[in-house]
Amino acid sequence: MACLAALWKLGQGSVAEVREAIRPQVDCAYTTVQTSVTRLWRRGEVERLPGHWRIRYRPVNNPDNLRAAAVEELVRLYFGGSREELKAWLNGSAEPAAEIPPASFDPTLL
């Protein structure tokens, strides 16, 4: 997420520029950032920009779209699809409605 957040802030950038942008939070090797950005590209989260001797990347989605999708996933998985239950839980007046089914985990996150 740090690489994608850096690209949102930069608008577009090379791996070196992304690495420099995330360095205050995460100090990692160039190849680690390169791998992360390549994975974002393969998932369709960023696009490669042609015509540069150094590959540049630009985010495909804006943060608001991804934030909305993340909230919908959270509501679906943890609150039985009910935004009202999420609101109640955030206000400290309710427990989540649904247990997380083991099959709902994305194995790439493990």
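Every number here is computed from the coordinates shown, using simple stated rules; none is lab data. Treat the numbers as computed from the prediction; the structure is a model and nothing was measured. Because the Cβ atoms are built from the backbone with ideal geometry, glycine has one as well, and the counts that use them run over all protein chains shown.
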How far apart, in nm, are two points set 7 Å out from the Cα along the Cα-to-Cβ line at Leu66 and at Gln12? 1.8 nm
Potential extension, Leu77-Arg23 segment - 0.36 nm per residue separation minus Cα distance: 16.1 nm
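Using the crude model of +1 on Lys and Arg Cβ and -1 on Asp and Glu Cβ, and no other charge, please compute the dipole size for the range 1-97 relative to its Cα centre, in debye to 20. Provide the component values of the computation, followed by the final result.
Working: 14 positive and 11 negative charges, 103 e Å.
The dipole magnitude comes to about 500 debye.
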Just want the answer: with Cβ charges of +1 for Lys and Arg and -1 for Asp and Glu, which residue in Val18, Tyr30, Pro50 is farthest toward the dipole's positive end in the range 16-76? Pro50
Would you please give the FRET efficiency between Arg42 and Met1, computed as 1/(1 + (r/R0)^6) with r the Cβ-Cβ distance and R0 = 25 Å, to the nearest 0.05? 0.95
